[in-house]
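Read-outs throughout are calculated quantities, based only on the coordinates presented, and are distinct from any laboratory measurement. These numbers come from a predicted model, not from an experiment. Cβ: placed from backbone, ideal geometry, glycine included. Neighbour counts: every protein chain shown.
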Amino acid sequence: MLELLPASAAIEDGRLHLGGIAAASLAAEYGTPLLVLCEQTALAQARAYRRAAPEALIAYGTKALPNVALLRLLAREGLGADVSTLGELRFALQAGVPPERLVVHGNNKSDEELRGAAEAGAGLLVLDALEEVDRARAAGIGRVLVRVTSGIEADTHEAIRTSQHGSKFGLPADEAVEGIARARAAGLEVAGLHVHIGSQLLETQAAATTVEWLAAFAARCRLELDGWTPDVVDLGGGLGVRHVDDERPPAAERFVAELVRDLERAWSLHDLPRPRLVLEPGRSLVGRAGVTLYRVGVVKRATESVTYVTVDGGMSDNPRPQLYGARYAALLADRADEPPAGRYSVAGKHCEADTLIAEVELPAPRRGDLLAVPATGAYTLSMSSNYNALPRPAAVLVADGAARVIRRRETLDDLLALEVGADASG
Ligand code: LLP
């Protein structure tokens with residue numbers, strides 16, 4: 001279990017500690033559900049990326065967990081941010097991410113978003129459609145990448161595969177060549193190419209194939225576009241995280257070192273000038289750093305073989321099991337050294353079958369126990385909802401025995417504040 005937990009996790013006398021603090025104390029102080037983020041783990045991942053590619057721009061994939069304190073922490077490590085909406089852009093600017101380290105995405109950018117990127121002085125805007133060329137120019141954008149779809153199918157859930165033929169993202173090769181030509185004719189500086197094949201990748205093969213494909217594509221551009229070659233190559237994000245024992249993603253350092261080596265090899269094979277690399281990791285920076293703490297409520301036997309352990313959250317704070325069939329592990333934070341008493345199904349409190357974990361071995365759970373779900377830092381809080389009028393959880397950053405709230409818990413008053421005519425006189 002420790003391999004799934006953050007670097008600072010320890011089990012002392014059967015009690016889970018995170019960042020030097022007992023999980024039980026965190027839950028008592030900040031309530032549940034609670035997203036606990038281990039600073040040490042996020043920093044270690046950021047540093048692993050920087051070490052493996054010291055010259056590259058590492059732009060945090062903000063969508064994994066858009067949080068100002070986290071963006072600030074990562075910016076201090078020299079990272080930038082990949083943002084894909086005006087909201088994410090605002091978060092990154094608020095965090096003080098230097099504008100030249102911003103990469104602006106979006107498959108359907110509004111004019112307001114294009115203007116926002118231009119006004120912020122974002123280093124790179126990634127063109128995702130031919131019609132964006134003129135709109136980007138009109139908005140005052142100067143420097144762009146062109147996103148291209150390689151046709152390579154990453155081995156991951158189809159909803160998070162993004163570079164196959166027919167993807168809504170980017171431009172197929174022929175259109176991408178046209179896009180570069182049009183953008184240059186319109187006076188934009190086309191700095192290079194972008195590709196992102198998908199997310200939660202557990203092996204390196206698809207990324208390696210993509211790099212080879214991209215080098216061949218860059219060579220084609222040189223031929224068809226008067227010698228134009230990319231100064232910048234952005235390979236997106238995608239490295240997966242281990243949520244359960246049988247998922248074995250490569251370590252970030254190895255994944256990146258292989259990408260750098262593949263890029264150098266493929267580029268020299270085609271005799272292309274060496275580009276500057278950009279990477280956009282999201283999940284692999286924050287996924288393992290996060291542990292969600294839930295309070296156990298009803299424990300109910302449904303059939304001979306199924307007993308439900310119900311928690312005080314569910315699909316509103318983690319919709320991934322239902323969206324992607326994502327699997328998670330769990331432990332009882334205060335009885336982590338007790339032997340399992342059986343297999344349980346963990347379900348949420350929502351008005352549908354929101355099974356969070358189909359099957360997990362636990363010591364016999366009781367009302368009031370604290371259930372910890374590891375590897376929940378990415379795409380949980382960021383995809384949370386208020387389904388069943390449930391306020392969203394808080395997030396705390398822990399390190400060296402100290403905890404800091406980096407996102408406060410929503411209240412029912414927050415929710416009611418959005419309701420027009422909600423006051424008694426209305
Ligand atoms: N760059 C681009 C252009 C992206 O679209 C994404 C993720 C990333 C970088 C970061 O990818 P990462 O390193 O996190 O894999 N909600 C889904 C994941 C959606 C990913 C969307 N794009 C999930 O919960 O699995």
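Could you list S163, S199 in order of exposure, starting from the residue whose Cβ has the fewest other Cβ atoms within 10 Å? Before the final figure, lay out the partial values.
Values: S163 24, S199 27.
Least crowded to most crowded, the residues run S163, S199.
Would you mind computing Rg(Cα) / (2.2 N^0.38 Å) for the chain, counting N as its residues?
Values: Rg = 22.8 Å, N = 426, 2.2 N^0.38 = 22.0 Å.
It is 1.04.
Let me know the volume per residue of the alpha-carbon convex hull for region 372-426, in Å³.
Working: hull volume 6.5 nm³, N = 55.
So the per-residue Cα hull volume is 118 Å³.
Over what distance in Å are the Cα centres of region 1-66 and region 313-387 separated?
About 18 Å separates the Cα centre of region 1-66 from the one of region 313-387.
Restricting the count to DSSP beta bridges whose residues both fall in the chain, what percent are antiparallel, rounded to a multiple of 5? Before the final figure, lay out each step's value.
Numbers: 31 of 66 bridges.
Of the beta bridges lying entirely in the chain, close to 45 percent run antiparallel.
Apply the Karplus curve 6.51 cos²θ - 1.76 cosθ + 1.60, θ = phi - 60°, to the phi angles in region 95-100 and return the couplings in whole Hz, x for Gly and Pro.
7, x, 5, x, x, 5
Please compute, for the alpha-carbon atoms of region 102-232, the extent along each of the three principal axes and give them in descending order in Å.
Between the extreme Cα coordinates on each principal axis of region 102-232 lie 39, 33, 23 Å.
Per q in 0.24 1/Å, what log10 I(q)/I(0) does a Debye calculation on the alpha-carbon atoms of region 18-66 return?
-0.93
Over region 229-325, calculate the relative contact order: mean separation of alpha carbon pairs under 8 Å at least 6 apart, over the residue count, as a percent. Please list the in-between numbers first.
Numbers: 89 pairs, mean separation 28.2, N = 97.
29 percent.
So what are the ³J(HN,Hα) numbers for region 177-193, from phi and the Karplus equation (6.51, -1.76, 1.60; θ = phi - 60°), rounded to whole Hz, Gly and Pro as x?
4, 5, x, 5, 4, 5, 5, 5, 5, 7, x, 7, 8, 8, 6, x, 10
Work the Kirkwood hydrodynamic radius out for region 39-282: mean of 1/r over every pair of different alpha-carbon atoms, inverted, in Å.
Numbers: mean 1/r = 0.0560 Å⁻¹.
Computed over Cα pairs of region 39-282, the Kirkwood hydrodynamic radius comes out at 17.9 Å.
State the extension gain, in nm to one decimal, for the chain segment bounded by Y324 and S305, taking 0.36 nm per residue of separation less the distance between their alpha-carbons. Present the calculation step by step, with values, prior to reporting the outcome.
Working: separation 19, 0.36 × 19 = 6.84 nm, distance 2.46 nm.
Length gained between Y324 and S305: 4.4 nm.
Relative to the compact-globule scaling 2.2 N^0.38 Å, provide the ratio for the alpha-carbon radius of gyration of region 72-118. Could you put the intermediate results ahead of the total?
Working: Rg = 10.4 Å, N = 47, 2.2 N^0.38 = 9.5 Å.
Its radius of gyration relative to the 2.2 N^0.38 Å reference: 1.09.
Relative contact order of region 136-210, please, whole-number percent, based on alpha carbon pairs below 8 angstrom and at least 6 residues apart. Spell out each step's value before the answer.
Working: 121 pairs, mean separation 31.6, N = 75.
That works out to 42 percent.
Can you put M1, M383 in order, fewest other beta carbons within 10 Å first?
Working: M1 14, M383 17.
With the sparsest Cβ surroundings first, the list reads M1, M383.
Roughly what % antiparallel, to the nearest 5, for the DSSP beta bridges in region 39-282? Please report the intermediate quantities before stating the final value.
Details: 1 of 28 bridges.
Looking only at bridges with both residues in region 39-282, the antiparallel portion is about 5 percent.
Relative contact order of the chain, please, whole-number percent, based on alpha carbon pairs below 8 angstrom and at least 6 residues apart.
Details: 999 pairs, mean separation 86.5, N = 426.
RCO, the chain: 20 percent.
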